[in-house]
1. When only residues in the stretch 77-122 that are among the hydroxyl-bearing types (S, T, Y) and crowded, with 20+ Cβ neighbours inside 10 Å count, which is nearest to G170 (Cα to Cα)?
2. Has the stretch 109-126 got at least one residue that is closer than 18 Å to A144 by Cβ and free of Cβ contacts under 8 Å to residues at least 12 places away in the same chain?
3. Restricting attention to the stretch 1-23, which residues are part of a helix (DSSP H, G or I), surrounded by fewer than 22 Cβ atoms within 10 Å (Cβ to Cβ) and of a type outside the set (D, E, K, R)?
4. With respect to L237, is the statement that it is assigned to a helix (DSSP H, G or I), within 15 Å of the chain's Cα centre (by Cα) and modelled with pLDDT of 95 or more true?
5. When residues of the stretch 24-47 are filtered for being surrounded by fewer than 24 Cβ atoms within 10 Å (Cβ to Cβ), under 15 Å from the mean Cα position of the chain (by Cα) and among the hydroxyl-bearing types (S, T, Y), how many remain?
6. Can you tell me which residue among A75, A71, A17 is aliphatic (A, V, I, L, M), within 25 Å of I125 (Cα to Cα) and in contact with a Lys or Arg (Cβ under 7 Å, 6 or more places away or on another chain)?
7. All but one of (1) under 17 Å from the mean Cα position of the chain (by Cα); (2) hydrophobic (A, V, I, L, M, F, W, C); (3) at pLDDT below 95 hold for L91; state the number of the condition that does not hold.
8. If you go through the stretch 123-132, how many residues are surrounded by fewer than 18 Cβ atoms within 10 Å (Cβ to Cβ) and not in a loop (DSSP other than H, G, I, E, B)?
Amino acid sequence: MEAHLSFGGRRALVTGAGKGIGRAVAVALSRAGARVTALSRTAADLESLARECPGIETLCVDLADWETVEAAVGAAGPFQLLVNNAAVAELQPFLEVTRSALQRSLDVNFGAVLHVSQIVARQMIAQGVPGAIVNVSSQASKRALKDHAVYCSTKSALDMLSKVMAMELGPHKIRVNTVNPTVVMTDMGRINWSDPQKSAAMINRIPLGKFAEVDDVVNSILFLLSDKSAMTTGSSLMIDGGFLVS
């Protein structure tokens, strides 16, 4: 995908860029010509990313800290591309959901996306340039999963937030879409789904018979950021191997 898409001259912000999908997106965008700012709350992850891909600028900040984010992202911009990838997954049975897990999940999975998008979209509008935002959601936004009451709910809220953003930002030539992956084989994904019994139960519900690889998600995000999807906004791109049709 990278070879066919060029983001030369564009500035991109990727949140949750220390590991997994976010890190891979940051690297792919950089290699496709974008000037990338990678945001994470983990300094060590950003340091290793900067060594791997020296052209990437880094921003170490906790997205739950509203004031710090406002200052840091405001100073780092303006951007024309934004990938809201940062998320937390605090899995608890419904009857055992804690206030702290709920608050942290709302702050990062929903509140931070709204806030970072506000800051970046205002910059886009002030510059008078078109922009593209991709929010990383999940198949969990569309289907109830055991022990995922908070995660499913925050991702469902994120899908609707993205649609309203698309509606209100469209007149400013800013497109907003989500990608909704199934389980992705990041390092964390491999750990969480290493139990053959647990993974078999999920894979049996996926018509393509496998989990997603990181590149499957990266390629879809790059497509939605690119001019090749110039007429697509307010959409959710399922990267679920058919999970939702089964």
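The values are calculated or read from the model by the stated rules, or taken from the named source; none is laboratory data. What you are looking at is a predicted structure, and each value in this text was computed from that prediction instead of being measured. Glycine also receives a Cβ, built like all others from the backbone with ideal geometry; neighbour counts cover every protein chain displayed.
1. First pass over the stretch 77-122, keeping only residues among the hydroxyl-bearing types (S, T, Y): 98, 100, 105, 117.
Pick out the ones that are also crowded, with 20+ Cβ neighbours inside 10 Å and you get 105, 117.
Working: S105: 28, S117: 14 Å.
The qualifying residue nearest to G170 (Cα to Cα) is S117.
2. Scanning the stretch 109-126 turns up no residue that is closer than 18 Å to A144 by Cβ and free of Cβ contacts under 8 Å to residues at least 12 places away in the same chain.
3. Applying the first criterion (part of a helix (DSSP H, G or I)) to the stretch 1-23 yields 2-4, 20-23.
Going one step further and asking which of them are surrounded by fewer than 22 Cβ atoms within 10 Å (Cβ to Cβ), we end up with 2-4, 20.
Passing the criteria: A3, H4, G20.
4. no
5. Of the residues in that region, 1 qualify.
6. On the way: A75 fails: in contact with a Lys or Arg (Cβ under 7 Å, 6 or more places away or on another chain); A71 fails: in contact with a Lys or Arg (Cβ under 7 Å, 6 or more places away or on another chain).
Answer to the selection: A17.
7. L91 satisfies all of (1) under 17 Å from the mean Cα position of the chain (by Cα); (2) hydrophobic (A, V, I, L, M, F, W, C); (3) at pLDDT below 95 except (1).
8. First, the residues of the stretch 123-132 that are surrounded by fewer than 18 Cβ atoms within 10 Å (Cβ to Cβ): 125-130.
Checking which are not in a loop (DSSP other than H, G, I, E, B) leaves us with 125-127.
Selection size over the stretch 123-132: 3.
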